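J.: Below are the structure tokens for one structure; questions will follow.
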Amino acid sequence: MTVTIKLDAALEEQLRQRAQASGRSTSEVVRAALLAYLSEDAESPARSAFEMGADLFGRHAGAADLATRRRLGFVAAAAERQARRG
């Protein structure tokens, strides 16, 4: 099967350099890259959003009651305004 792809100039140059350095044709380099990409995808099952971010959850320190404190601040400000009005 023949496939045509469009590459920007920088990517094309990288492809040509890699092919020349390895002594292979550009087609061989593209085939190897595509094969590696497709086998990588097949080896790792689809992960949920939670699984992808699991190492990040719970990593940040800080007050856990930010919403509550903010709400109380608004209540206090509203009460102060009301008291000034009379």
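Every read-out reported here was derived from the displayed coordinates using simple, explicitly stated rules and does not represent laboratory data. In this text the structure is predicted, and so the values were computed from the model without any measurement. Using ideal geometry, Cβ is built from the backbone for each residue, glycine included, and neighbour counts are taken over all protein chains shown.
J.: Which is in contact (Cβ under 8 Å) with a residue 24 or more places away in the chain, assigned to a helix (DSSP H, G or I) and out of contact with any Cys (no Cβ under 6 Å at 6 or more places or on another chain), of VAL30, VAL75?
T.: VAL30
J.: Filter the range 1-52 down to residues that are of a type in the set (Gly, Ala, Ser) and surrounded by 11 or more Cβ atoms within 10 Å (Cβ to Cβ), then give me how many there are.
T.: Of the residues in that region, 6 qualify.
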